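Participant: Structure incoming, see below.
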Amino acid sequence: MFRSIVKSNAHPLQPEAATGSAVRARCIDPSGIAVLGVIVAVAVIFTCSALVRSASADAPCEIKAYAACAGADLAGADLSHADLSAADLRRADLTGAKLTEADLQGADLTAATLKKADLSDADLAGAQLERADLASTTLSRANFPDSVLDRADLRYADARSATFEGARLRKVDLRGADLRNATFVEADLVGANFEGANIQGANFDGGAWQPGADLSGAIWTTGRVCAQGSVGECLRKSPSTQ
């Protein structure tokens, strides 16, 4: 079985399309023959796996559990259903990547860029996402139990029905995020910014809010819009401002 690979420009396989500094190439069919002038070379049989060039080293990283992919360029890659459990993806560029139903349990995504990526139904249980850029990311039904998202950027993310049970989200930026029906049971939300977020129907049972969770303009679990200055609790707007 032959699968596509992503490697550096120096790789001898035939390039198909470039993504950032990485180049897609296709595996050569065992029956394929390459012709260069009068020289005929019989292609060697390759056992191929999904690879990506690491920005921190020339050696590629293999897309698999426990992968060493720190600083890798995966922008726009289709990694749906990929097993990246416990992978080292620190500072990796996953901008616009497709990670639907991917297994990222225990993965280290510290300071990774996932802007506009699709992580619908992905499993990120126990993952490390401190300072990760998840702005405008699709996180619907994604699973984040016991994960760490301190200072992560989730502005305008679509996290409807996502699960953050037991997660730590200290000083996370959730401004304008869609968090309808999300679960934050026993989550640590100290200093989180929910300004303008929609948290209607969300479950915050046992969650830690104080001090400093900003709910100004957020749509509360009951559908009420929180007044400006709502810090740590959803203040009701005065009649003159409604």
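Participant: What pairs come out if I take residues in segment 164-178 that are over 21 Å from residue 216 (Cβ atoms) and pair them with residues that are among the charged types (D, E, K, R) whose C-beta lies under 8 Å away, six or more apart or interchain?
Facilitator: Going by the 8 Å Cβ cut-off, the qualifying pairs are 165/146; 165/186; 166/146; 166/186; 167/146; 167/188; 168/150; 168/188.
Participant: While we're here: I'd like the full set of residues that are under 20 Å from residue 228 (Cβ atoms) and part of a strand (DSSP E or B), limited to segment 159-216.
Facilitator: Answer for segment 159-216, where residues must be under 20 Å from residue 228 (Cβ atoms) and part of a strand (DSSP E or B): 173, 193, 198, 214.
Participant: Can you find even one residue in segment 117-125 that is hydrophobic (A, V, I, L, M, F, W, C), buried (at least 20 other Cβ atoms within 10 Å of the Cβ), over 17 Å from residue 182 (Cα atoms) and within 9 Å of the chain's Cα centre (by Cα)?
Facilitator: Yes, some residue in segment 117-125 is hydrophobic (A, V, I, L, M, F, W, C), buried (at least 20 other Cβ atoms within 10 Å of the Cβ), over 17 Å from residue 182 (Cα atoms) and within 9 Å of the chain's Cα centre (by Cα).
FYI, it's all coordinate maths here, none of it is from the lab. This is a predicted model, so every value here is computed, not measured. We place every Cβ from the backbone using ideal geometry, glycine too, and count neighbours over all the protein chains shown.
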